[in-house]
Amino acid sequence: MKNWFIIVIVFFGYINAQNPLIIPPAMTGNNFDLTLQVSEMEFYPGVFTETMGVSFPILGPTLIMEKGEEVNITFDNQLPDTTTIHWHGMHVPAEFDGGPHTPIPPNTLWNPHFTIKDHASTMWYHPHLMHKTNEHVQMGIAGFVIVKDDEEALLDLPREYGVDDIPLVFQTKTLNENYQIVTNMDSSGLDTALFTNGTINAYLEAPAQVVRFRLLNGASERSFNVGLDNHETFYVIGTDGGLLEAPVEIDELLISPGERYEILVDLTNRVGEMIHIMNYGSSIPNGVYGAETVGGMGGSSIPYYADNHLNGADFPLLSLHVGEQTASPIYTIPSTLVSVDEWDPNEIDETRVIQFSPTVMGPNGALNGPFQFNGEPFDINVVNYEIPLNNVEIWELRNQSQISHPFHIHDVQFNILEINGEAPPAHMQGWKDVVLVPPQNGTAKFITKFEDFSNTEVPYMYHCHILTHEETGMMGQFTVVGEPAVGIEAPKLLSEQFTLHSAYPNPFNPTITLPFSVKSPHKVSIQIFDISGQLVESLFNDEIEAGNHTIKWNASHYASGVYILTLQSGNQVETQKLVLLK
Ligand code: C2O
Ligand code: CU
Ligand code: CU
């Protein structure tokens, strides 16, 4: 009954009301100050829905970053919950990647800072705390990162943000009879309310010229099959991690959770028309969440799946009202874009095979999981792989379950080598960080290189980007090990004035004891730095007697992560790595 009620409202809305598409505000520069907050939105007239957002009632600003620049971001967590913020797709040090190991407790700040190493691309940020990822994303926390670089700047592409360069995030949510967002996982099959940039029934005034859309599937489970009215064609110019070598003309584009594609749509001479960006759900293949059916012989067993009117349906994701041109329109589709310098399969150091379980079993084929990798549920205390820095690896994914899983890996961009034994279609021959692995013995293979960052303490994650699968165990983690090590370099020892012993316990939470002994009375200074060498706290700076000493550091006000202790006396300096794990 409840279910039916929601369907009627959504359908009614689609016929009648249209809301201007929310364009997340853009932020540029090197410093980004953001607040995670609880808020509300009036999705339906007169009804307020509780949401979460980033300095905004829903979603967050689009952070525009330049390759090669250093950025400094501060998140002030004003949510009642601990959360994390992950830089999906971006190549950043593990301690700033924002996975489950770097929680931001309520009323604390998190200050990741790194140099942008990515190609010009469309990335995104979203929460990633164990057991809270789906909830926080569903409530509205997510935002775009647009990376710019010199190569992209030379191309004749639309790039006026919000005018002819439009970010679009597609999401579905489950709303209860009071129009509140439901985030418990058993209701997952009820994701009947469609949001484009946090807008229900969205329309956009688009200029009559070539328009660039940066598409992100930010839904927890659902794949979208994007097209235009009457299957008119459009051009894919970019994948998850960068531009393609050349535009690929296409009329349907399947986008699974976590994936991004940049497309060009030619609206030249279409003034006055209304054109829809559609979801062609009717042609999503069986086994992909969003298709009419998921599962084989016995049919679907995802709760409520068959009742969800979005499954297998064709419906608009956005209406375009085509208006006048801008002052400097783009009219042409470039013939070439950038060079994609793929990793070389002749340089492989390692091949890893990951089996997606459960295996196909009987008529009802275990569509509700538990979904796992290699038969093991995720364990935050187990590092599944230690990967030597600079390894070139092939990962082979074998999906024996009945549903397609969008596999995502942190730290790196990869090139897809094969899907079900064949080369990927042209529009996937670029930089990717998500690959949708087909169901029922489907396979995918990619190649990547683990370069630049190593950290023995903080792992990176890989997981299914269907958030309900991720949170029920379809996740693993790896560290990248080897030089260059993290932290600051230990200066050379000139003469021994003191001995620094091992701090304990390490990892710790929230207090750690730092033992040291001093040979003769000396001035000693003890400081804590963060991983990038910024001073966090000065613990001691005074004369001290000869003998054994201990000092304690209480880190209850700091976020989890790696800290560097330095003890200095005269010209002797020693350092030690401290791991705060909350
Ligand atoms: Cu977008 Cu680990 O995720
Ligand atoms: Cu990610
Ligand atoms: Cu999955």
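Among the residues here, PRO406 qualifies as within 25 Å of ALA120 (Cα to Cα) and in the same structural domain as GLN355 (by TED's automatic domain parsing).
Being modelled with pLDDT under 95, open to solvent by 60 Å² or more (accessible area, probe 1.4 Å) and under 19 Å from LEU190 (Cα atoms) is the requirement here; does ASP307 meet it? Against the criterion (modelled with pLDDT under 95, open to solvent by 60 Å² or more (accessible area, probe 1.4 Å) and under 19 Å from LEU190 (Cα atoms)), ASP307 qualifies. Of all residues in the range 251-263, those being away from ligand 2 (no atom under 16 Å from the Cβ) and part of a strand (DSSP E or B) number 5.
Table: residues versus (1) more than 14 Å from ligand 3 (Cβ to nearest atom); (2) open to solvent by 20 Å² or more (accessible area, probe 1.4 Å).
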| position | (1), (2) |
| --- | --- |
| PRO370 | no, yes |
| ASN374 | yes, yes |
| LEU389 | yes, yes |
| ASN399 | no, no |
| ASN415 | yes, no |
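Please determine whether any residue of the range 316-337 is closer than 17 Å to ARG222 by Cβ and either hydrophobic (A, V, I, L, M, F, W, C) or in contact with a helix residue (DSSP H, G or I) (Cβ under 6 Å, 6 or more places away or on another chain) (or both). Yes, the range 316-337 has at least one match.
Entry remark, the range 127-137: residues being crowded, with 24+ Cβ neighbours inside 10 Å and touching a helix residue (DSSP H, G or I) at 6+ places or on another chain (Cβ under 8 Å) number 2 in total.
Taken over the range 224-247, the criterion of being in contact with a His (Cβ under 6 Å, 6 or more places away or on another chain) and closer than 26 Å to GLY312 by Cβ is satisfied by ASP229, VAL236.
Report whether or not PRO510 is surrounded by fewer than 19 Cβ atoms within 10 Å (Cβ to Cβ) and either touching a Gly at 6+ places or on another chain (Cβ under 7 Å) or within 22 Å of PRO103 (Cα to Cα) (or both). Here the answer is yes, as PRO510 does meet what is asked.
Contact map, the range 339-356: residues that are at negative phi paired with residues that are among the β-branched types (Val, Ile, Thr), Cβ distance under 6 Å, separation 6+ or inter-chain. Pairs shown: TRP343/VAL392; TRP343/ILE447; PRO345/ILE447; GLU347/VAL392; ILE348/VAL392; ILE348/ILE394; ASP349/VAL392; THR351/ILE394. Residues that are within 16 Å of ligand 1 (Cβ to nearest atom) and modelled with pLDDT of 95 or more number at least 3 in the following strands (runs of 3 or more DSSP E) confined to the range 394-501: 405-409, 434-437, 455-464, 475-481.
Do you know which residues across the range 394-443 are hydroxyl-bearing (Ser, Thr, Tyr) and in contact with a Phe, Trp or Tyr (Cβ under 9 Å, 6 or more places away or on another chain)?
Going through the range 394-443, the residues hydroxyl-bearing (Ser, Thr, Tyr) turn out to be 401, 404, 443.
Selection gives SER401, SER404.
Scanning the range 502-534 for residues that are of a type in the set (A, V, I, L, M), in a strand (DSSP E or B) and under 16 Å from LEU580 (Cα atoms) returns ILE512, LEU514, ILE528. In the set GLY312, GLY272, only one residue is assigned to a loop (DSSP other than H, G, I, E, B) and open to solvent by less than 30 Å² (accessible area, probe 1.4 Å); that residue is GLY312. Considering the range 170-250, the qualifying strands (runs of 3 or more DSSP E), each wholly inside and each with 2 or more residues that are open to solvent by 20 Å² or more (accessible area, probe 1.4 Å), run over 202-207, 242-250.
Only one entry of ILE250, ILE255, ILE263, ILE237 meets the criterion of being free of Cβ contacts under 8 Å to residues at least 60 places away in the same chain, within 24 Å of ASN415 (Cα to Cα) and β-branched (Val, Ile, Thr), and that entry is ILE263. The listed residues are GLU386, GLU418, GLU393, and the only one of them that is in contact (Cβ under 8 Å) with a residue 12 or more places away in the chain and either of a type in the set (Ser, Thr, Tyr) or in contact with an Asp or Glu (Cβ under 6 Å, 6 or more places away or on another chain) (or both) turns out to be GLU393.
The values are calculated or read from the model by the stated rules, or taken from the named source; none is laboratory data. Quantities reported herein were computed from a predicted structural model and do not represent experimental measurements. Positions of Cβ are backbone-derived with ideal geometry, glycine not excepted, and every protein chain shown enters the neighbour counts. Heavy atoms of the whole protein, side chains included, go into the accessibility calculation; ligands, DNA and RNA do not. Shrake-Rupley method; radii C 1.70, N 1.55, O 1.52, S 1.80 Å.
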